[in-house]
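The values are calculated or read from the model by the stated rules, or taken from the named source; none is laboratory data. Please read all numbers here as calculations on a predicted model, not as lab measurements. Neighbour counts are summed over all protein chains in view; Cβ atoms, including those assigned to glycine, are modelled from backbone coordinates with ideal geometry. With ligands, DNA and RNA removed, areas are computed over all heavy atoms of the protein, side chains included. Shrake-Rupley method; radii C 1.70, N 1.55, O 1.52, S 1.80 Å.
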Amino acid sequence: MNFKLLSLGVFSVVSVSPFLMPSFTPKAAAGCVAVDVAAQVAVDGSRTRSQSNNVNQRFDPNCSGGSVTSVGNQVCVSTKCEQRRTSNQSVSGNGGYNTGGRNINIKVNPRVHVYNRAADPNFLNKK
């Protein structure tokens, strides 16, 4: 009989625990997310790179749940490459319901410059 009461008690606690657990766990908080990914690749006859990427990411003050993503690729194969990129992102979400979460901004901009002697107009003229 004691075993039956013990089993009933354990079963009761286990069956009620999912309703009690949310009060012990912290609430999730989500802000907004802005992602900018831009690859710049230049293969030219210049020994110096001429590449720039300017990214501005702006979040509304009470941003919650919004997201934006921009992707750009620039490839140049020439005697002289100049690559310029500007990206402006503005993120807004459910402003009436701010969860207090942090906004996340991610910027990924690999810039690759490869010197190509065959494209250098001055390479053969050097003495």
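Quick one: in segment 66-101, of everything that is of a type in the set (Lys, Arg) and at pLDDT 95 or above, which residue is surrounded by the fewest Cβ atoms within 10 Å (Cβ to Cβ)?
Among those that are of a type in the set (Lys, Arg) and at pLDDT 95 or above, it is Arg84.
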So, in segment 50-98, exactly how many residues are among the hydrophobic types (A, V, I, L, M, F, W, C), within 18 Å of Pro110 (Cα to Cα) and under 14 Å from the mean Cα position of the chain (by Cα)?
2
Checklist (1) touching a Gly at 6+ places or on another chain (Cβ under 9 Å); (2) part of a strand (DSSP E or B); (3) open to solvent by 20 Å² or more (accessible area, probe 1.4 Å) applied to Asn62, failing item
(2)
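Taking the conditions exactly as written (assigned to a strand (DSSP E or B), of a type outside the set (Phe, Trp, Tyr), at pLDDT below 95 and surrounded by fewer than 16 Cβ atoms within 10 Å (Cβ to Cβ)), does Ser17 satisfy them or not? Before you say what the answer is, go through the steps one by one.
On the way: assigned to a strand (DSSP E or B): no; of a type outside the set (Phe, Trp, Tyr): yes; at pLDDT below 95: yes; surrounded by fewer than 16 Cβ atoms within 10 Å (Cβ to Cβ): yes.
For Ser17, the condition - assigned to a strand (DSSP E or B), of a type outside the set (Phe, Trp, Tyr), at pLDDT below 95 and surrounded by fewer than 16 Cβ atoms within 10 Å (Cβ to Cβ) - is not met.
Out of everything in segment 43-58 that is assigned to a strand (DSSP E or B) and not charged (D, E, K, R), what residue ends up being farthest from Val33 (Cα to Cα)?
The initial filter retains those residues of segment 43-58 that are assigned to a strand (DSSP E or B), namely 43-44, 51-58.
This time we only want the ones that are not charged (D, E, K, R), so: 43, 51-57.
Numbers: Val43: 33, Gln51: 26, Ser52: 23, Asn53: 20, Asn54: 18, Val55: 14, Asn56: 13, Gln57: 10 Å.
By that ranking, first place goes to Val43.
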